[in-house]
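Here's the structure we're looking at; comments come further down.
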Amino acid sequence: MGRIQIHYPETTLYIHRIPIRITDLNYGNHLAHDVLVSILHEARARFFKAYAMEEGDIDGMGILIVDLGVIYRSQVFYGQTLEVEVAISDVASRGCDLVYRVSDQESGKLVATAKTGIVFFDYKKNCVVGIPESFKALINKNGKPRE
């Protein structure tokens, strides 16, 4: 069986922490896969907010998610707090990948790596556009803003 590969870049641009709620569990009594995807979405939204942007307004442009990949490494249980690091990779003229490294905050144990491919989109004209200037500036930024 072929496996996807996701490599986390050197520079983390944002870190989000989130506790696991009882409602986040599935029948196996561990974190449900759909909840992890929602946690990634929350981290992405907060990443943009940390840089005074929104998913629907980056210099007037929005984003589209064009693909999603997740590699699960360990189970997560009620009461744990996850740390979600966000980075940028594979930059092209109209988009890039947002890459996530999800770990247990207390132990540091890797829970998952993931990526969402994004393109920038003009919702008024209904078309893909080039990377907005404010996001271009972010691409080369260093640091680890926290909530």
Cα-derived Rg to Rh of segment 61-147, Kirkwood definition: 1.06
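So for the chain, averaging the separation of alpha carbon pairs under 8 Å that are six or more residues apart and normalising by length, what relative contact order in percent results?
31
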Sorted largest first, extent of the chain alpha carbons per principal axis (Å): 45, 33, 28
Accessible area (Å², per residue) of the chain, counting only protein heavy atoms and a probe of 1.4 Å: 57
Values of log10 I(q)/I(0), in the order q = 0.23, 0.32 Å⁻¹, for segment 101-141 under a Debye, Cα-only, solvent-free model: -0.82, -1.03
Reduced Cα scattering model of segment 64-115, Debye log10 I(q)/I(0), q = 0.16, 0.22, 0.28, 0.29 Å⁻¹: -0.52, -0.80, -1.07, -1.11
Two-site FRET efficiency, Phe77 against Asn140, from Cβ-Cβ distance with R₀ of 35 Å, rounded to 0.05: 0.40
Over the chain: helical MRE at 222 nm, DSSP H runs n ≥ 4 each giving -39500 (n - 2.57), nearest 500: -5500 deg cm²/dmol
FRET efficiency for Cys127 and His33, using Cβ-Cβ distance with R0 set to 30 Å, rounded to 0.05: 0.40
Label-point separation in nm, Val91 to Leu110, each point 7 Å along Cα→Cβ: 2.5
Given charges at beta-carbon only (K, R positive; D, E negative), |dipole| of the chain in Debye: 140
Carbon plus sulfur fraction of accessible area for the chain, probe 1.4 Å, in percent: 49
Order of exposure, largest accessible area first, which applies to Lys109, Lys125, Lys115 with probe 1.4 Å: Lys125, Lys109, Lys115
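The values are calculated or read from the model by the stated rules, or taken from the named source; none is laboratory data. On a predicted model such as this, the values are computed, not experimentally measured, just so you know. Note that we place each Cβ from the backbone using ideal geometry, even for glycine, and neighbour counts take in every protein chain shown. For the accessible areas, the whole protein counts, side chains as well, though only heavy atoms, and no ligand, DNA or RNA atoms are used. Shrake-Rupley method; radii C 1.70, N 1.55, O 1.52, S 1.80 Å.
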